[in-house]
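First comes the structure, then the notes that go with it.
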Amino acid sequence: MKTAICRIFTAAAVATALSLSAVLSEGARAAETSGPAPSAADETCLACHGQDGMSKTFPNDDSVSLHVDGRAFAASVHGPLGCSSCHAEIDLANHPGGGKPFASARVFSIAMARVCSQCHEDKAKLFEGSVHASALRAGNLAAPVCTDCHGEHAVVHKVPTANDVSCRKCHGAIFDAYLQSPHGKAYGKPGLMKAPICADCHRAHDVSPASTGTGLRDACLGCHTNAVEAHQKWLPNTKLHLQVVSCPACHAPTSQKRVDLRLYDPVTKRDVTAKDEQARLDVPAGASSGTVLDSKALWDLMRGVDRNGVPGRMTLVGRLDVRSGAEAHQLTDKSKAIRDCVVCHRKGADPFKNVTISIIGPDGRPIRYEAKQNVLHGPGSVEALSGFYAIGGTRIGLLDVLLALALLAGISAPVAHLVLRRLSRRRQSAEQRAAGKGE
Amino acid sequence: MIRNQRTGTMRKLYVHPLPVRIWHWINALGFVLLILSGLQIRYSGAIQLMSFATAVQTHNVLGGVLILNYFVWLLFYLFTDKIRVYHPELNPAKHFRGSLRQLWYYGYGIFKGQPNPHHVSVYRKFNPLQSMTYQIVMILLVPIQFYTGVLLWDVTRFSASIQLFGGVRVVDTVHVVLFIFFIGFIFIHPYLASLGHTTMAHFKAMVTGYEEVEDEPGRGEPR
């Protein structure tokens, strides 16, 4: 009897388990088949490309997966367009095997990404002006293209979470610093304002070099709309400070600073590029990366620039910035920002210990040449650095000597004259007394 | 109107009208404070007379006050006949001789108890050296100092003028070179002022308006 009851319970348990298993697997199948199905034409492609492990190998032994998740593609924003919209170059008569050969998987990916511009002309145009596109044109295959950020087939509209931002693939250290900043900590959290992520400041497609132009400052001021007024309450020459001091230089207080002196054309009001001046820029164009320019070299450089161009046209525009992209993202709460003017406005201040001279390189990023600190303090800087001066911090040493002489002369001349007057008066009195006695 | 007040062998001559005295003492106090705040601005980290921010604010406000004060001086002299004290000596030989005589007095004669070759009168209150110095200071150096100061006060607003001047570092260098000159001047000027017939005579005169001059017939009348 006991054994029979046990058998009944066991059978019931097995039946329950089997039913549950059947229900779960049905659910799983339903989930697999939810969403739009690929079109009949796409199914033709997927007959091969839907198979796991399908890949293409390149002459350099790179390989790229040719597997496409049909359901994911069909559910993507490009699903209704079908495979042939982007892969119009495929000639079924010669496929597989036909088509243009590619040297590597990366070259293949870059070439395939160009197809996006057929529909996304506006975005492609923005991208073409970006630092990424410039790097690509300059031969940097690591520069990102459309598919590196948006994916190849399963392209969907979504707001990225901090963890799946594609920028971090290349800019990991910068992104880690961002995550520790007030922006990174607030990102994705509900609030009055949406905290920014990479593309909000650097823009998604027309990404410009972070250390050139006014784009990043404008991005800061775009959200922090009362920042100018807030600075004007305590910061003299606010507009100038906002022009020549990058926001992180004060708002990332632990960052190392540097002064970057950039060649600038005041007539065209733009930075001079290596492309513009290649024939004329003797020192920077010829200098190796290890070259450290001193006052004399800087003087020669500026004279060299003017020699073959319009005399006196070029100038150097200085800017106080942080030394690295990661440091630029080490922003802190504004209560911890640098507010003490003397951090910069004193002789020997840290920001003026690191000096670079730069011109804009072919890819839009600055090419920097290290310079000695004395380029900021020498008498020659009056001409060579006429457009950059930070009170106290970059003062000319020779003028300090002149001041000391003026003080010395101003005090010693009256004192010496006074002493001589007293002595001569005493002598005159003595002479008069002697003359009186003589009479 | 010339006011004379006989006091024994010395007579009092009204040489410094009230607007000039007001201008002078505001200028004197302003210059001292501008020099102190200027030193603090330029040498922050090395000296601590006041905070950098206070120094900048003080320097800016005082600069504005002294510019307005300059116009008190300018308008007074432009619209009164007292401008004659600043009329240059058009005869270079005469001017040169007078300057040399004055230099000789300061460098030698004064030690020998010789009298000052210059005799103050209402329209000749400056000796030839002073006349030349004050013309340069008041008509050239002070306006340049004010102009460069205004440019540095708001570098962005006056960027076009700064560019015309040759750049912000050029403007600053000119401002600092003149600042150095005025530092020397601020020591020399009161010392020379103490070389009257008594140490305090010229200081008192700049308060009361009356210079005490030797009572010599014919002196003190308008030229």
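For peptide A:241-252, the mean count of partner chain Cβ atoms within 10 Å of a residue's Cβ comes to 1.
For the residue pairs A:123/A:169; A:169/A:239; B:12/B:94, alpha carbon separations beyond 25 Å are given by A:169/A:239; B:12/B:94.
Please work out the ratio of the alpha-carbon Rg of the protein assembly as shown to 2.2 N^0.38 Å and round it to two decimals.
For the protein assembly as shown, the normalised Cα radius of gyration comes out at 1.55.
Distance between the 7 Å Cα→Cβ label points at residue B:53 and residue A:353: 2.6 nm. On the protein heavy atoms, probe 1.4 angstrom, tell me the percent of accessible surface of the protein assembly as shown carried by carbon and sulfur. Heavy-atom surface of the protein assembly as shown belonging to carbon and sulfur, 1.4 Å probe: 62 percent. The distance from the alpha carbon centre of segment A:61-94 to that of segment A:320-338 is 44 Å, rounded to a whole number.
Normalising the Debye intensity of segment B:102-223 to I(0), with uniform scatterers on Cα atoms only, and taking log10 at q = 0.15, 0.17, 0.18 Å⁻¹ returns -0.81, -0.93, -1.00. The residues neighbouring residue B:203, those whose beta-carbon lies less than 14 Å from its own, together hold a net charge of 0 under the Lys/Arg +1, Asp/Glu -1 convention.
Here the protein assembly as shown is assigned +1 on the Cβ of each Lys and Arg and -1 on the Cβ of each Asp and Glu. Its dipole about the Cα centre then comes out at about 3780 debye.
Checking every one of the trypsin sites (Lys or Arg not before Pro) in segment A:217-249 against DSSP loop status and a limit of 10 other Cβ atoms within 10 Å picks out A:233. Restricting the chymotrypsin sites (Phe, Trp or Tyr not before Pro) of segment B:52-129 to loop positions (DSSP other than H, G, I, E, B) with no more than 14 neighbouring Cβ atoms within 10 Å leaves B:79, B:108.
Lysines within cross-link reach of residue A:100: Cα-Cα under 22 Å, excluding same-chain residues under 8 positions apart? Straight-distance partners of residue A:100: A:56. Among the trypsin sites (Lys or Arg not before Pro) found in segment B:1-101, those both in a DSSP coil and sparsely packed, with 15 or fewer other Cβ atoms within 10 Å of their Cβ, are B:3. Taking both sides together, the accessible area buried where A meets B is about 3200 Å² for a 1.4 Å probe.
Counting heavy atoms of the protein chains alone, residue A:90 has an accessible area of about 70 Å² for a 1.4 Å probe. The GNM of chain B, with springs linking C-alpha atoms under 10 angstrom apart, assigns the highest mean-square fluctuation among B:30, B:167, B:98 to B:167. The modelled label-to-label distance for the pair residue B:198/residue A:103, using points 7 Å beyond Cα in the direction of Cβ, is 9.7 nm.
Surface exposure of segment B:37-122, expressed per residue as accessible area with a 1.4 Å probe, stands at 56 Å². Placing unit charges on the Cβ atoms of the charged side chains and taking the dipole of segment B:1-135 about its Cα centre, the candidate lying farthest along the positive direction among B:43, B:73, B:114 is B:114. In sequence order, segment A:172-181 has phi-based couplings of x, 5, 5, 5, 4, 5, 4, 4, 8, 7 Hz under the Karplus curve 6.51 cos²θ - 1.76 cosθ + 1.60, θ = phi - 60°, and Gly or Pro positions carry x.
Dividing the radius of gyration of the alpha carbons in chain B by their Kirkwood radius gives 1.01 for Rg/Rh.
For the protein assembly as shown, the 222 nm mean residue ellipticity estimated from helices alone, with every DSSP H stretch of n ≥ 4 adding -39500 (n - 2.57) and the total spread over all residues, rounds to -15000 deg cm²/dmol. At the residue level, residue B:200 shows approximately 100 square angstrom of accessible surface with a 1.4 angstrom probe and all protein chains present.
Sorting A:332, A:254 by accessible area puts them as A:254, A:332; the probe is 1.4 Å, largest comes first, and only protein heavy atoms count. Most simply put, the protein assembly as shown has about 75% antiparallel DSSP beta bridges, counting only bridges with both residues inside it. A cut-off under 11 angstrom between Cβ atoms defines the neighbours of residue A:98, and their net charge, with Lys, Arg +1 and Asp, Glu -1, is -1. Residue A:234 exposes around 70 Å² of accessible area when a 1.4 Å probe is run over every protein chain in place.
Within the shell defined by Cβ-Cβ distances under 13 Å, the residues around residue A:126 carry a net charge of -1, with Lys and Arg each +1 and Asp and Glu each -1. For B:162, B:139, the ranking by accessible surface with the largest value first comes to B:139, B:162, using a 1.4 Å probe. Measuring max minus min along each principal axis, the C-alpha atoms of segment B:1-109 give extents of 53, 36, 34 Å (largest first). Look at where the Cα atoms of segment A:158-187 and of segment A:199-271 average out, and the two centres are 21 Å apart. Taking Rh as the Kirkwood radius computed over C-alpha pairs, what is the Stokes-Einstein D of segment A:321-380 at 10 °C in a medium of viscosity 1.306 mPa s, expressed in µm² per second? Reported coefficient: 113 µm²/s.
The values are calculated or read from the model by the stated rules, or taken from the named source; none is laboratory data. All of these numbers come straight from a predicted model, not from anything done at the bench. Note that each Cβ is placed from the backbone with ideal geometry, even for glycine, and that neighbours are counted across all protein chains shown. For the accessible areas, the whole protein counts, side chains as well, though only heavy atoms, and no ligand, DNA or RNA atoms are used. Shrake-Rupley method; radii C 1.70, N 1.55, O 1.52, S 1.80 Å.
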